[in-house]
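Take a look at the structure below.
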Amino acid sequence: MDKHPYIHWHRQPPDGNYYQVTFSLLRSDNLEGYAEMDELTLNLVKEIPGYLGYQSVYNGNRGIFISYWKDLESIEQWKKHPIHRDAKYQSTRWYAWYKSEIAQVIHQTEKF
């Protein structure tokens with residue numbers, strides 16, 4: 001499924017009316033266990049039926065990670081997943097700052 005140059009689609013997204021969770025971050029200097037948890041969560045999230053895919057961009061310790069979802073129920077299911085909850089608990093040492101936002105996508109246009 002992953003044929004897009006910037007977005008890693010797990011499932012084909014609808015033409016519109018889906019959701020994105022934008023996670024903006026500033027990493028701290030303490031990243032012990034971060035890479036392992038990142039890999040684990042990227043694999044586990046694929047088990048959530050409404051998960052569509054993600055894109056991310058990083059510049060040094062700054063980053064933006066955007067995940068795409070079929071519906072709010074799927075986001076809530078991932079939010080309650082025990083591994084994701086553990087990752088959120090550990091985030092206090094991995095991030096100096098972060099912001100999470102949920103938005104509904106009603107239209108998209110792209111060229112590549």
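Values in this text are rule-based calculations from the coordinates and carry no lab data. Predicted model only: the values in this text are computed from it and were never measured. Positions of Cβ are generated from backbone atoms using ideal geometry, with glycine treated the same way; all protein chains shown enter the neighbour counts.
With an 8 Å cut-off on Cα pairs and a minimum separation of 6 or more residues, tell me the relative contact order of segment 8-105 in percent.
Working: 152 pairs, mean separation 46.6, N = 98.
Normalised by residue count, the contact order of segment 8-105 is 48 percent.
Write down the Å³ per residue value for the convex hull defined by the alpha carbon atoms of segment 28-82. Mind showing how you got there, number by number?
Working: hull volume 5.1 nm³, N = 55.
Dividing the Cα hull volume of segment 28-82 by its residue count gives 94 Å³.
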What angle do you read, to the nearest 10 degrees and between 0 and 90, between the alpha-carbon axis of helix 82-94 and the longest principal axis of the chain?
-> 50 degrees
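For the chain, what does -39500 (n - 2.57) per DSSP helix run (n ≥ 4), summed and divided by total residues, give at 222 nm, in deg cm²/dmol to the nearest 500? Before the final figure, lay out the partial values.
Values: 3 runs with 32 residues, N = 112.
After summing the helix terms and dividing by the residues of the chain, the value is -8500 deg cm²/dmol.
In the calculated pair distance distribution of segment 8-105, what percentage of Cα-Cα distances lie above 19 Å? If you can, show how the numbers build up before the last one.
Values: 1909 of 4753 pairs.
The calculated P(r) of segment 8-105 puts 40 percent of pairs beyond 19 Å.
Rounded to the nearest 20 debye, what is the charge dipole size of the chain about its Cα centre when +1 sits on each Lys and Arg Cβ and -1 on each Asp and Glu Cβ?
Details: 13 positive and 14 negative charges, 34 e Å.
Taking the Cα centre of the chain as origin, the dipole is about 160 debye.
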Most exposed first by the Cβ proxy, i.e. fewest other Cβ within 10 Å, how do I106, I66 rank?
-> I106, I66
Phi-derived 3J(HN,Hα) across segment 49-59 with the Karplus relation (6.51, -1.76, 1.60, θ = phi - 60°), rounded Hz, x for Gly and Pro, is x, x, 6, 9, x, 7, 9, 8, 9, 10, 9
